[in-house]
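Presented below is the structure to which this report refers.
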There are 2 protein chains.
Amino acid sequence: MTSHAKILVDYSTSVREGDMVLITVEDQGFDLACEVYKEVSKRGASPLIVAFPSEATRGFYMETPEEYITVFPKHYYELVKASDVSIRILSSSNTKALSSVDPKRISKRALATKAITDVILKKRWCVTLHPTQAYAQEAEMSLKEYQDFVYRSVLVDWEKESIKMKRLKEVMDRTDEVRIVGEKTDLRMSIKGMKAVVDDAKNNLPGGEVFTAPIPESVEGEVYFDLPAVKYGKEVTDVRLRFKGGEIVEATASKNQDLLRKIIETDEGSRRLGEFGIGTNKGIDRFTKHILFDEKMGNTFHLAIGRAYEECGGKNYSAIHWDFIKTMNYERGEMIFFDGERITELVPELFK
Amino acid sequence: MTSHAKILVDYSTSVREGDMVLITVEDQGFDLACEVYKEVSKRGASPLIVAFPSEATRGFYMETPEEYITVFPKHYYELVKASDVSIRILSSSNTKALSSVDPKRISKRALATKAITDVILKKRWCVTLHPTQAYAQEAEMSLKEYQDFVYRSVLVDWEKESIKMKRLKEVMDRTDEVRIVGEKTDLRMSIKGMKAVVDDAKNNLPGGEVFTAPIPESVEGEVYFDLPAVKYGKEVTDVRLRFKGGEIVEATASKNQDLLRKIIETDEGSRRLGEFGIGTNKGIDRFTKHILFDEKMGNTFHLAIGRAYEECGGKNYSAIHWDFIKTMNYERGEMIFFDGERITELVPELFK
């Protein structure tokens, strides 16, 4: 835990003397928050812990009259503005605490407090996770097993890892055509002119993802995702998508196929791809139903339908952004090609 | 707990639409904090929970280099300034967590952050306590017994109680001579011209105290305190004090008598009385080693040596303020007289 705290403070957010540091937790991240608090103080910076217990959040959404859902927390806004660093510790004691809440109230609140999120994104910020029974349960592990899993993915020499990941970014930045070949999969797309972004644990801990935006109309072929995609707490399994001229022309799933098709029909952008990302964190060796980990799983890639990231130069707009992940068994012939070259030969240190 | 939250929000701090509400907890007050959060939100005000876990505080004091102890938390200051209401929930999971900390570091920090405390005192504020195993242990009760004790003293009709307490204040405000007679006790003092203050659960929940300042040089006689006085975590028992011309001329105790005498010798003011208070909360029927409750115990009075409260018009100055409590068995002849009249006849509704 001390190492987890030190990575957050020294590597991810570079806390230095005089920094005002905001630490947010949900239900159970206090052991880690206390370590961060101590490390921050030792460096001459000033920590403060704000808690958002899931029952407080649930109570707010269930019982606040409609006209008060948008009340702006001016005091929190002032706190955030006066902070230099934000460290967010996911630490829920029940991942389903908001199950009965109307998602419309959540989006309405998110919109009303957007000014706060915007300010945080301009600071040094990092999101991490403290292992709880709730996450372990969701991942179908015991707490001890889950802790081992989390720390294996978090306690990494990120300076070294970052160098390797930047090599993958360089390759992607100069690539025109991507081709992905694998089980029930043969997909082509262009990423020409796009800018890949390296998630090397500065804003997410664990990090381990390099992502970019495909040129939407360039996507052709079919792809099969062996890992479940999750939306509104529901799992959609064995998703297969077929693209023609960049648009999804066929979409099937063995479970919740209706939900899949409904979301694809949200708007113009939701029928096209917004993101192509490659997972590089080898500590993440299995699917745990948490996107902070899943999309960074080693030997996987993911595609998202809907909104593209502006920092990649992406131009696909949509109200949604939904990730689908496929594992890649490079040793058994599944492969990603960048302009015809194998990813395992271009950046062997990440894929062996 | 809902009632506890409602008293805090509606009675103690009068939360209304648009209020920015700061809720602070220590280790375990989240059940109550979540209820307060919900009640605040329902009224169109905006809650935020800040946590000061005891291990974070301990870590800060034990490991922060000397030059960083005074770093000012500007972000917390901005938060406090932008708040209209402060609700503090004492909720320690270990009342001895700071035992190894040098008290000098604590005073140094308190001084460095005084601007924050000063701002809070200008808002609507209330301090309360959420029952934990740690407080129950300190009080020598089981948690269930302690919860019953706490709620008996908190869940009171404070509007009604306040009317009774104000009657006691009126009596005290027009009184010249106070005489206290009881076991090993016959003490006289003047409170002429002083202004009694009613603690009717606006700033402390539970409330239940009416206090004023004696005229220091008027105190004559002797007094015996059957309840232990606590200083620096040490208990001083069976304290007896003898006053002549307002000064303590004799001080004995059956345990820690040296500590008692040492503190009395702190300065000029510590040899004189600074406060005379009367406990009126009948739900508090026993000593629990927590000053939020002890000094409000029904059928007790307390005297403090050292600093007087300015709002009473008190003129005794000192670096210390230390309370000593005596129970009063009014039915067996112990009595407080105000200008010769029995307190049990002047305000019978509080002392029967």
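None of the figures in this text is laboratory data; all of them are computed from the coordinates on show. Just so it is clear, the model here is predicted, and its values are computed rather than measured. Using ideal geometry, Cβ is built from the backbone for each residue, glycine included, and neighbour counts are taken over all protein chains shown.
Would you mind calculating the gained length between B:Gln257 and B:Asp238 on full extension (0.36 nm times residue separation, minus the Cα-Cα distance), in nm to one decimal?
Details: separation 19, 0.36 × 19 = 6.84 nm, distance 0.94 nm.
Gain in length upon complete extension: 5.9 nm.
Name the most mobile residue of A:Pro131, A:Pro65, A:Pro53, meaning the one with the largest mean-square fluctuation, in a Gaussian network model of chain A with Cα contacts below 10 Å.
A:Pro65
Tell me the distances, shortest first, between A:Ala110 and the same position across the other copies, using label points 7 Å along Cα→Cβ, in nm to one decimal.
A:Ala110 label point versus its equivalents elsewhere: 4.6 nm.
If all Cα-Cα distances of the protein assembly as shown are sorted into 20 Å bins from 0 onward, what percent lands in each bin, rounded to whole numbers?
Each 20 Å bin holds this share of Cα pairs: 16, 40, 26, 13, 5, 0.
List, in the order given, every pair from A:Lys123/A:Lys166; B:Lys104/B:Lys231; B:Lys42/B:Lys282 whose Cα-Cα distance in the structure shown is over 25 Å.
Working: A:Lys123/A:Lys166 23 Å; B:Lys104/B:Lys231 15 Å; B:Lys42/B:Lys282 32 Å.
From A:Lys123/A:Lys166; B:Lys104/B:Lys231; B:Lys42/B:Lys282, over 25 Å: B:Lys42/B:Lys282.
Any idea what the B:Lys195 label distances to the other copies are, label 7 Å down the Cα→Cβ vector, nm, shortest first?
Once sorted, the set of distances for B:Lys195 reads 6.4 nm.
Within a 10 angstrom radius of each residue's Cβ in B:15-28, how many Cβ atoms of other chains show up on average? Whole number is fine.
On the way: counts 0, 0, 3, 4, 2, 8, 2, 3, 2, 0, 3, 0, 1, 0.
For this peptide, the per-residue mean of nearby foreign Cβ atoms is 2.
Take A:Lys122, B:Lys96, A:Lys282, B:Lys326 and order them by how many other Cβ atoms sit within 10 Å, fewest up front. Before the final figure, lay out the partial values.
Details: A:Lys122 9, B:Lys96 12, A:Lys282 18, B:Lys326 22.
Least to most surrounded, the residues fall as A:Lys122, B:Lys96, A:Lys282, B:Lys326.
Ranking B:Glu349, B:Glu310, B:Glu209 by Cβ neighbours within 10 Å, fewest first, what do you get? Write down the numbers at each step before the final one.
Values: B:Glu349 13, B:Glu310 9, B:Glu209 23.
In increasing order of surrounding Cβ atoms, one gets B:Glu310, B:Glu349, B:Glu209.
How many partner chain Cβ atoms sit within 10 Å of a residue's Cβ in peptide B:77-84, on average, as a whole number?
On the way: counts 5, 9, 12, 3, 3, 9, 5, 2.
Counting Cβ atoms of other protein chains within 10 Å of each residue's Cβ and averaging gives 6.
When only C-alpha pairs under 8 Å and at least 6 residues apart count, what is the relative contact order of the range B:186-271, in percent? Working shown, then result.
On the way: 151 pairs, mean separation 17.6, N = 86.
Relative CO of the range B:186-271 lands at 20 percent.
What number comes out for the charge environment of B:Arg174, summing +1 per Lys or Arg and -1 per Asp or Glu over other residues with Cβ under 14 Å away? Mind dumping the intermediate values first?
Working: positive: B:Lys166, B:Arg167, B:Lys169, B:Lys192, B:Lys195; negative: B:Glu170, B:Asp173, B:Asp176, B:Glu177, B:Asp339, B:Glu341.
Cβ neighbours under 14 Å give a net charge of -1.
Name the most mobile residue of A:Gly233, A:Gly29, A:Gly277, meaning the one with the largest mean-square fluctuation, in a Gaussian network model of chain A with Cα contacts below 10 Å.
Taking springs between Cα atoms under 10 Å, the residue moving most is A:Gly233.
Can you give the mean number of other chain Cβ atoms that lie within 10 Å of the Cβ atoms in peptide A:52-64?
Details: counts 3, 8, 1, 7, 13, 2, 2, 9, 8, 1, 2, 4, 6.
Mean shielding count: 5.
Cut-off 19 Å, label point 7 angstrom out along Cα-to-Cβ of A:Asp173: give me the residues of the range A:282-309 whose amide nitrogen falls inside.
Of the residues in the range A:282-309, A:309 have backbone N under 19 Å from the label point off A:Asp173.
Using Cβ contacts closer than 10 Å as the measure, can you line up B:Ile263, B:Ile305, A:Ile215 from fewest to most? Let's see the in-between values first.
Working: B:Ile263 18, B:Ile305 26, A:Ile215 21.
So the ranking, lowest neighbour count to highest, is B:Ile263, A:Ile215, B:Ile305.
Where is the GNM fluctuation largest for chain B (alpha-carbon springs, 10 angstrom cutoff): B:Leu241, B:Leu129, B:Leu111?
Judging by the Gaussian network model, the answer is B:Leu111.
Cut-off under 19 Å on the C-alpha distance; same-chain residues fewer than 8 positions from A:Lys184 excluded. Which lysines are left, in chain and number order?
A:Lys244, A:Lys255, A:Lys326
Can you tell me, using C-alpha contacts under 8 Å and at least 6 residues apart, the relative contact order of the range B:28-176 as a whole percent? Mind dumping the intermediate values first?
Details: 107 pairs, mean separation 37.7, N = 149.
With pairs under 8 Å counted, the relative contact order is 25 percent.
May I ask for the net charge around A:Ser92, where only other residues with Cβ less than 13 Å from the Cβ of A:Ser92 are counted and Lys, Arg are +1 while Asp, Glu are -1?
Working: positive: A:Arg58, A:Arg88, A:Lys96, A:Lys289; negative: A:Glu26, A:Asp27, A:Glu55, A:Glu138.
Local charge sum for A:Ser92: 0.
Cα centroids of the range A:285-351 and the range B:91-144: how far apart, whole angstrom?
Going from one Cα centre to the other spans 50 Å.
Given N residues in chain A, what is Rg(Cα) / (2.2 N^0.38 Å)?
Numbers: Rg = 20.5 Å, N = 352, 2.2 N^0.38 = 20.4 Å.
Dividing the Cα Rg of chain A by 2.2 N^0.38 Å gives 1.01.
For the range A:27-158, restrict the atom set to alpha-carbon positions and state the Rg and Dmax in Å.
When restricted to the Cα atoms of the range A:27-158, Rg and Dmax are 16.6, 49 Å.
May I ask for the angle, rounded to the nearest 10°, between helix A:143-154 and the longest principal axis of chain A, with both axes built from Cα atoms and the value confined to 0 to 90°?
Helix A:143-154 sits at roughly 70 degrees to that axis.
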